[in-house]
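Taken together, the values in this text are just the output of simple stated rules run on the coordinates, not laboratory data. Here the structure is a predicted model, which is why all the values come from computation and not from measurement. Every residue, glycine as well, gets a Cβ built from its backbone with ideal geometry; the counts of neighbours run over all protein chains shown.
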């Protein structure tokens, strides 16, 4: 089955700064720009920070702290 090229909506090319021109190559998972010569290996999930913490803030506590300042 033939795989189609997938564009990344809203992505901006780091080289030519064009919006909506970044696509994924379906055969080798490279990211490339259809407008310039930019090519990059697609990041793998293992490359992402595993211990990156998500900070959760209670909106009521935020408002209290904001008002006390």
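Assuming R0 = 25 Å, what is the FRET efficiency of residue 9 and residue 37, from their Cβ-Cβ distance, to the nearest 0.05? The formula returns an efficiency of 0.70 here. Among 5-16, 20-31, the peptide with the highest mean count of other Cβ atoms within 10 Å heads the list, and the full ranking is 20-31, 5-16.
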